[in-house]
Structures are given as structure tokens and as C-alpha cells.
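One structure is given below, encoded as C-alpha cells.
Coordinate-derived values only; no laboratory data. The shown structure was predicted, so the numbers you read here are calculated from the model rather than taken from an experiment. Here the Cβ positions follow ideal geometry from the backbone for every residue, glycine too, while neighbour counts run over all protein chains shown.
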Amino acid sequence: MADLEFSPYAQGPLGEAITTVDTMGTLPPPAFKPSVTLLGPGEETDVVRGPDTRLLGPGDVAGLAPGCVLRSEPASGATDVEPNYLASVEVTPAELPWVLTPARANEARLRPWMVLVVLEKAGAPLADGPGLPFVEADLGQLPDLRDSWGWAHVQFAPGEGMTAGGGVPTDPAVARLVCPRRLAEGVTYRACLVPAFDTGVAAGLLGTAPGTASDVPPHKPAWNVDDTGSVALPVYHEWSFTTGPAGDFEQLVTRLQPADPESLRVSAARPVDVRAPWPGSTPLSDTAQTIGVQGALVPFADPPEPAGAAAPDVTGELVQRLRAQLDAPAQRLLGAPPDDRTGALAPPLYGARHVSEERLVDDPAWIGALNTSVANRIAAGLGAQYVRDHQEDLMAKAWEQVGAIREANRRHATVELTTAVTERMHERHVAPLQHGEVLALVAPAQARLRTSDSTTLSMELHMSRLTDGVASSAFARRLRPGAKLARRSRVSMSGIVPRGLEGEVDVPAGSRLVPATPPVDPAGSATVMSRAAAGQLMVISALADVASVNGVPGGADLQARVGTVPLVAEVGGLIAAGDVGALAEAIAGNVGEVTVATGRVLSDMTEHRAFGDVSEGGVPIAAGQIAGRVRDGLIPGASHWHRLASQISVHEQLAPAGPSDPVMACPRFPVPTALALLDADPEWFMPGLSGVPANRVALLRQNSAFIESYLVGINHEMMRELLWREYPTDRRGTPFTTFWPRLDEAPDIEPLHTWTGPAALGDRLLQDEALAVLLVRGDVLRRYPGTVVTAVRSGPPDAQGRHRPLEGTDSLVPSFVIQVDAQTHAYAFAIPEQELLTPASPEAPGWFFVFAENGYRMRFGFDAPPDPPAPPRDLASWSDATWPAPDGSSHPTDVPVVRSHAIAGLPFGPPGGTTDDQPRWNRDAADIARITLQKPFRVAVQADLLVQHEGGA
């Protein structure tokens with residue numbers, strides 16, 4: 001607001017040319033004499049004056065055009081408005097309030113032709129008339145029009161082509177009309193923009209204006225406050241608002257006081273009697289055995305021992321009973337029959353399933369610390385209870401997230417069913433077949449049936465000693481039992497195929513697998529030689545693969561020799577694909593070397609028998625061996641799961657353990673669970689919260705063990721609910737990882753299944769544990785929910801040893817803010833405890849918490865009188881100006897008020913000097929605006945005043 005300027009009025013050249021000066025009374029119709037100045041040679045000047053010319057005045061207004069009113073303060077319909085502030089309205093263009101005033105300024109004072117009045121709504125109903133709507137206003141509620149010059153001004157930024165003494169404004173300057181009425185508490189008001197002259201009243205009520213200058217009467221004020229009764233006023237613009245109790249930001253924020261640290265310490269733990277842990281159990285004691293349980297927020301000082309604190313032997317017995325109860329399900333299953341896996345009914349073992357434990361263990365240590373501590377179990381139970389209370393909503397959101405996983409698992413179930421059926425069919429119909437019958441059965445699928453990673457059934461049969469076509473479907477039909485050929489030859493597939501594979505049936509003369517090397521042809525030798533070499537290379541490579549797969553002696557040696565052929569490593573993919581043309585092109589540049597190398601391999605194979613039984617006639621294959629591989633290849637399980645894997649794509653975090661395992665998912669709920677705890681039971685959010693008095697400030701810290709226990713409990717119960725609802729997940733997921741409502745939604749814990757290290761319960765929060773939470777309960781937050789709260793480092797002490805906020809440093813904004821209720825907020829700051837103390841060290845001299853009013857609104861008014869009344873004091877600053885006290889007592893700080901309206905024309909102040917650059921009361925509207933402008937207020941509270949530590953508070 002420091003870059004704003006005010007002007008007492010704005011009037012253009014026509015207004016300044018009006019001959020009449022504002023007398024604050026009755027004014028004649030506005031007129032001026034137009035003139036023309038002629039400049040001739042030299043210094044000769046002639047002035048030509050015309051006749052008096054009439055100007056438009058207030059009586060020529062039948063209403064305001066839409067868009068003239070920019071904003072109003074308070075806003076329309078506002079409630080709980082501060083009664084010490086003044087109502088105002090902003091209009092445009094900036095000269096609008098004075099453009100029809102029938103006079104020019106008297107020094108720096110000029111009345112506007114319309115004013116803002118504030119009336120009690122109950123006594124000023126809005127009625128319709130021939131012209132504008134009107135209200136019947138009680139004269140006792142109207143301001144003195146002779147004082148209206150002080151309650152209308154122009155606001156502009158420096159450099160906008162306007163001065164503080166008036167002139168023609170330019171955008172973005174605006175005009176503001178203020179009603180100086182002092183408002184009462186708890187009253188609904190109607191603010192109205194009305195004409196200030198009787199001619200304007202007549203024109204507004206009738207909706208007509210005089211037609212000629214002779215018809216225009218003098219412009220009298222629209223009302224006289226010295227009279228009694230009421231007056232009908234047309235309304236250009238109106239809105240309503242309701243005031244609340246007394247107190248603005250300055251008053252309310254100064255009411256804040258540090259909460260009593262001892263009261264906070266005493267109420268920080270809720271007493272829990274553990275003498276009878278559960279119904280039906282033998283009591284641990286005949287007297288009360290109390291344990292204090294703290295919540296998510298706790299004071300910096302530990303709470304005192306509760307009355308009737310539990311004795312050590314009682315707590316020890318309680319832990320033993322808890323261990324026995326928690327281990328009961330696992331203990332029962334140890335001696336149960338194999339078909340009885342029902343377990344036993346027992347309290348929940350929080351978090352154990354996440355680390356794959358079925359009983360209470362000491363490693364990791366947090367399992368025992370969580371499940372055998374009453375305080376931690378209560379925190380976990382609160383988290384579990386939230387899931388039980390909201391299970392339907394949570395499950396609905398969980399099913400929304402699972403999406404395509406349900407379809408993937410549906411297909412998984414289909415594959416599981418079809419696999420089981422086909423495996424049974426294989427067991428009954430395929431496994432009993434003889435070796436030759438198996439090969440005949442799969443004859444149509446020989447090319448698709450893989451018998452190893454590098455071979456298919458078709459490839460093995462072709463490279464065997466069995467003549468091509470013997471293992472075909474056509475040949476099998478001719479040798480089927482009962483067929484003519486089978487009866488006459490007494491040959492069957494089960495007999496001839498095994499013998500043929502092993503080479504016991506003579507191969508027809510001239511039959512060979514390896515193509516011969518063509519003779520040299522000068523016209524096309526390169527192409528022919530490349531294709532021949534490619535064919536030979538593919539055949540000997542296939543012979544080597546088939547021999548190796550079947551364990552034929554010499555197969556491994558042949559594979560090694562094939563690896564020495566030039567370019568084999570580069571063209572291995574083409575050989576496996578069987579693309580002769582592409583292979584021929586690949587070796588065309590080295591066809592000579594490839595031909596020589598393959599020729600040597602063939603020579604050693606056929607002439608020297610260097611590779612055992614492997615020859616160019618084929619590889620002898622044991623029928624039982626290849627039939628066994630075929631039977632295994634026909635088992636459907638692996639192929640079905642492979643087919644399913646090709647149809648779905650699963651993120652690596654959701655990938656199943658094996659191909660036949662279903663896809664598991666864990667929903668994610670990035671919600672701040674602290675709000676769930678606060679909504680369920682504020683007394684567990686902070687025990688004693690409801691007992692914190694109004695207008696108190698307390699500094700708290702987070703209870704890490706409680707927060708971690710709560711998150712374990714909420715995740716434990718959520719995973720149990722997912723399992724019960726047949727959600728595709730195991731019980732080791734962590735749907736909730738966030739406790740505090742941080743803007744970046746950063747998680748507060750790692751997934752629970754990773755809690756396997758030595759860290760204890762209370763040491764596993766990911767975010768900074770140095771979290772100072774400023775709890776504020778005050779009327780200031782109820783009325784000003786947008787209060788800005790920050791932390792500022794403390795500066796060095798002054799000569800009196802007092803600390804002040806360090807100027808010129810950046811403020812620390814809250815990590816998050818939680819609204820507990822309408823008047824209670826919790827502001828969290830990442831500040832270690834030792835830095836809160838002043839002075840903690842020269843490097844960390846402490847902190848201040850600063851409460852600042854949000855300064856986005858332009859408001860005018862005066863302070864309310866102090867309550868209780870304060871001794872009289874001089875007016876040291878215009879910001880100390882106050883309304884008079886209701887009891888009639890007078891103070892130098894009281895503004896002049898007549899009939900509940902502040903009067904700009906009466907003497908008041910000034911504080912300090914009287915130089916022209918200082919605002920002065922009773923000078924002009926710009927000074928009145930500077931004086932009544934309510935600047936944003938802030939107050940700082942020293943942090944260590946709110947911390948109870950060793951040595952006091």
C-alpha cells in the first residue's frame with residue numbers, strides 16, 4: 001500500500017471552468033463562459049468570450065450505467081463484519097463522483113454529487129417507484145452533507161498523470177466514496193449510493209430531468225441533518241452486510257497469549273486403565289493401573305505420571321499375556337492336523353504379515369514394540385478403525401485403481417482352467433502312445449513343434465535317417481491298423497518309424513541331405529555358388545544341431561567345426577531362420593572361402609567319418625528320445641502361460657513371481673491420514689485439545705511412535721479388507737504412506753515390507769522429525785481465516801536484552817496447515833527444538849512466529865475503544881485513532897463523532913508535527929483517506945516463550 005496516492009477529488013477542465021465555488025450549501029445551476037484566445041504576431045492577444053453556457057448537473061441523472069461500480073467493502077452478503085471499519089464503494093471513471101457537482105473546488109475541498117449512506121436494513125426497505133428504487137431513510141442515520149467533501153477521494157499509483165491536489169485522472173485510478181457511520185455490533189445494514197442534491201433526488205424518483213436551463217432550480221442539499229423525520233432517496237446502487245462482535249485484526253491478534261505449559265503437560269496424555277485387559281480375563285490388579293497415552297501432537301515436555309500409574313510387575317504381566325494371545329494362532333497350527341488350518345481367534349498382530357512373520361518376534365524390534373505397548377496398540381487400532389468405518393468407500397476407490405489387472409487375472413484364470421483340462425487329456429490320450437504313434441499324431445504340427453531351443457520336430461525328422469514322408473499324416477493313414485497296406489505288409493507306424501530314425505531301414509540309393517557343389521559356370525557362377533554354399537552351410541549346421549540335441553557321438557565336434565566357417569557368427573540368425581536367399585546374399589562377398597570351408601567339413605564327414613555316425617545321409621536318432629521330447633512339448637502348461645505373457649504387459653512393480661502366478665496390485669491412497677484421525681477423534685490428534693482456552697498459542701512436536709503405529713494399523717487393516725474382498729493382492733502392500741498434509745504429498749514412511757532393518761519404532765519417519773507445530777486457538781482465525789503465519793529468525797538482543805525479529809531475512813513458511821476448527825489452526829514448521837530456544841547458540845539465535853494480516857483489501861476506519869478501558873493517552877500516531885468509548889469518556893485518541901458519524905470538518909489531532917507532507921485532519925479528503933486507511937498489522941511471538949523445557953518455560 002506504500003505505493004498508493006490519494007487525491008481529494010478529480011475534475012476535468014469543464015468542472016474547473018464553472019464560475020461558482022463550492023460553498024457547502026445551496027448552489028446555482030452550473031454554467032461557464034466559453035472563451036477562445038487568439039495569438040497573433042508578436043505579443044498581441046485577443047480573447048473572445050461567449051455567453052453563459054449551461055452544464056449538466058445532478059438533476060440530469062436518471063441512474064448509473066452498468067459497470068460504474070467496481071467493488072464494495074464489505075462485500076455484498078458479508079457477515080461477521082468488523083463494526084469499527086467504514087463501508088465504502090469504488091466507482092469508475094475516477095472523476096464520476098464530482099463530474100456533475102455544480103461548482104468548482106474551494107481550495108482542496110469539493111463535495112461529490114452522490115454519497116454513500118449506511119442504514120439499518122430493518123428500517124429501510126427498498127421500494128420501487130416511477131424512476132429508481134428508493135428507500136425511506138431516517139434523517140438520524142444520514143451523514144451531514146456539509147461534511148461530504150471529506151469522504152470521497154481518488155486512489156491512484158504515482159506516475160499516473162495525476163497529483164495529490166486533484167486533476168484529470170488516468171486509468172487505473174479509481175474513485176472511492178466512504179460512509180463515515182460508526183457501525184454497531186450484530187446489525188444488518190443496507191449500504192446505498194444516493195444523490196447528494198435535491199435535484200438529483202427528484203430526477204431519480206421521477207425518472208425525468210429538466211429540459212431547459214430556465215427549468216433548472218438551484219441545487220440544494222438532499223437533506224438537512226438538523227431536521228427530523230425521514231427522506232425518500234433514490235438508490236443508484238445498494239448491497240447488504242451484517243456486522244459481528246467488536247474487534248479487528250489488530251485487536252484480536254493482540255489477544256493471543258501463550259498457553260499455560262503446565263496445563264498442556266498435564267492434559268497431554270489420556271489415562272487408560274489396564275487392570276482388566278479384555279473381558280473374561282483375570283484382572284491384573286484389584287486397583288486401578290493407569291497408563292498415559294499421548295496422541296499425534298504432544299508438548300515438548302513429557303507428561304507427568306497419571307494418577308494410579310501401573311506398577312512395573314503389572315505392565316510386565318500384561319506384556320506376557322499379550323504375547324501369549326498374539327502367538328496363539330501360530331501355536332495352534334504347530335500341533336494341528338494337516339487338514340486343519342483354521343488357526344485361532346486372537347488380537348491382531350499389527351505389521352507382522354508385512355515382514356512375513358506369523359508370530360511376535362524381536363527381530364525386527366519394531367514388531368514387539370508396536371504390539372506389546374498399550375499406547376502403540378491404541379494408535380494402530382485407531383488406524384484400523386478408520387478402515388472399518390470407511391471400508392465401502394475405500395474399496396470402491398481401490399477397485400477403480402485395479403483397472404486392467406482384473407482383466408489380466410481373468411485371463412489368468414482361463415489359462416489355468418484350460419491348462420488343467422488339456423494336461424488331463426494329454427495324460428490320458430498322448431502319454432500312452434508308442435513312439436511311432438506319437439510322431440504320427442503330431443505330423444500336421446511338425447514345423448511348429450519345438451523339440452529344443454534350436455530345433456523343431458520337422459527339422460529333426462528331416463535330418464534323421466528316416467526317409468522324408470514316412471512320418472507324414474498321409475503315410476500314417478495308409479499304415480493305420482486294419483488298412484490294406486498294413487495287412488499285406490505287416491508293417492505299422494510303431495515299428496517302421498523307430499527303425500527308420502535309427503537307420504535300420506535302408507535309405508533309397510542316391511538320397512542325400514547336403515546339396516552337391518555345382519560346376520563352375522563363368523556366366524553365373526557367383527549367384528549359383530552363393531546359393532549352393534548357403535544350402536550346404538544350412539544343412540551341415542542343422543545336422544550339427546540335431547546331433548547335439550540327441551547326443552549322437554560326433555555332434556559336438558561337428559558344431560565346433562561349423563563355428564570355424566567364415567561369417568558363421570555374423571549370419572547365425574539367417575541360418576536359424578532358414579532364409580537361403582538372404583543367406584546367399586550375406587556370404588556372396590566371401591563365397592569362395594565359405595565354399596572351401598564347407599567342402600572340408602563335408603569331406604571329413606563323408607570320406608573320413610570324422611564325426612561318428614553323422615553323415616550326409618542323416619543323423620541316427622533314438623526313437624524313444626525324440627518321442628519323449630515330443631510328449632513333453634505337447635504338455636500344454638508352458639505354452640499356455642507363454643501365450644498369456646505375450647498378451648499382457650505388467651509393470652515391473654506388479655510383475656508376478658512366476659509365469660503362472662496372478663498379477664498382484666496394491667491400491668494407493670495419497671491422503672493425509674492425520675485429517676482422518678482429526679475427524680474421527682480430535683482428542684487423539686492432541687489429547688486435551690478441547691480444553692485449550694480461547695486466544696491461546698501453544699508450541700508442540702509430533703509423536704513419531706504414535707504416527708508410525710497409526711500408519712501400520714491403517715495399512716494392516718486395509719490389506720485384510722482387500723484380502724476379504726478378493727482383491728488381487730497379497731497382505732504385504734502399503735496403501736497409506738502419508739500422515740501430514742504436505743503440499744508435495746511426500747510419503748512419511750517407506751513401504752512396510754521394507755521395515756527389516758534395526759531402526760526402532762519412532763525412528764522410521766522419512767521427513768524431518770524436527771517438526772514444530774504451532775497450535776493457535778483464537779478469535780482472530782475465526783474472523784480472519786486467511787491470517788498469514790510465518791517464522792522469522794531472531795536478531796541479536798538490544799541494549800535492554802530484548803530480542804526482535806531479524807530484518808532482511810526470508811521468512812519460513814509452514815510445511816503444512818491443518819484447520820482443526822473455525823478458530824483453531826495448526827501450523828507446522830521444520831525447526832529443530834534446540835533452535836527454538838533464544839538464544840540457543842550464536843549460529844541459531846532462536847525464532848519468532850509472526851502473525852500478519854492479509855493485506856489484499858483496502859479498508860478504512862478507526863480502532864475500537866480498548867476493552868477494558870485504558871487510561872487516557874496522547875495520540876502518538878494516526879494508527880492509534882479510535883472511536884469514542886460507549887460510556888462517553890473522552891480520550892485524545894478519539895475521533896470527532898456527531899450522531900454516530902465521524903466528522904471530517906472538526907478539529908482533531910494531529911500527532912507529531914504539522915508539516916505539509918504529513919496528513920492532517922480537517923484539511924482535505926486525501927488526508928482523511930491516509931488517516932483512516934487501515935494498514936496490514938502484524939505481531940511476533942518469541943518461540944521459546946511457548947516451549948517448556950528443562951529449567952522452566
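A helix-only calculation puts the chain at -8500 deg cm²/dmol for mean residue ellipticity at 222 nm, using -39500 (n - 2.57) for each DSSP H run of at least four residues, averaged over all residues.
For Gly909, no residue whose modelled amide H falls within less than 5 Å of its own remains once neighbours fewer than 5 places apart on the same chain are excluded. Membrane-span-like helices in the chain, defined purely by DSSP H runs whose alpha carbon atoms cover 27 Å or more axially and whose average Kyte-Doolittle hydropathy reaches 1.0, are 525-549.
Ranked by Cβ crowding within 10 angstrom, fewest neighbours first, how are Ser709, Ser72, Ser454 ordered?
Ordered by Cβ neighbours within 10 Å, fewest first: Ser454, Ser72, Ser709.
Applying both filters, DSSP loop and at most 13 other Cβ atoms within 10 Å, to the trypsin sites (Lys or Arg not before Pro) of the stretch 709-804 gives Arg725, Arg802.
Roughly how many Å is it from the Cα centre of the stretch 544-581 to that of the stretch 847-899, as a whole number? When both Cα centres are located, 101 Å separates them.
Please compute the length gained on full extension between Arg71 and Gln385, using 0.36 nm multiplied by the number of residues separating them and subtracting their Cα-Cα distance. Numbers along the way, then the final one.
Values: separation 314, 0.36 × 314 = 113.04 nm, distance 4.93 nm.
Contour length minus the Cα-Cα distance gives 108.1 nm.
Ranked from largest, the principal axis spans of the Cα set of the stretch 5-245 equal 73, 43, 32 Å. Cα convex hull, the chain: 417 Å³ per residue, rounded to a whole number.
At full extension, Glu769 and Ser877 could sit 34.4 nm farther apart than now, given 0.36 nm per residue minus the alpha carbon distance.
Per-residue Cβ neighbour counts within 10 Å put Phe816, Phe851 in the sequence Phe816, Phe851, beginning with the fewest. For Lys397, a cut-off of 14 angstrom between C-alpha atoms picks up these aspartates and glutamates, skipping any fewer than 8 places away in its own chain: Glu721. Convex hull volume of the Cα atoms of the stretch 805-887, normalised per residue: 223 Å³.
What is the order of His642, His901, fewest Cβ neighbours within 10 Å to most? Don't skip to the end; give the middle numbers.
Numbers: His642 10, His901 21.
Ordered by Cβ neighbours within 10 Å, fewest first: His642, His901.
Give the Rg/Rh ratio for the stretch 525-606, taking Rg as the radius of gyration of the Cα atoms and Rh as the Kirkwood radius, to two decimals. Write out the running numbers ahead of the final one.
Numbers: Rg = 12.0 Å, Rh = 12.5 Å.
Ratio of gyration radius to Kirkwood radius for the stretch 525-606: 0.96.
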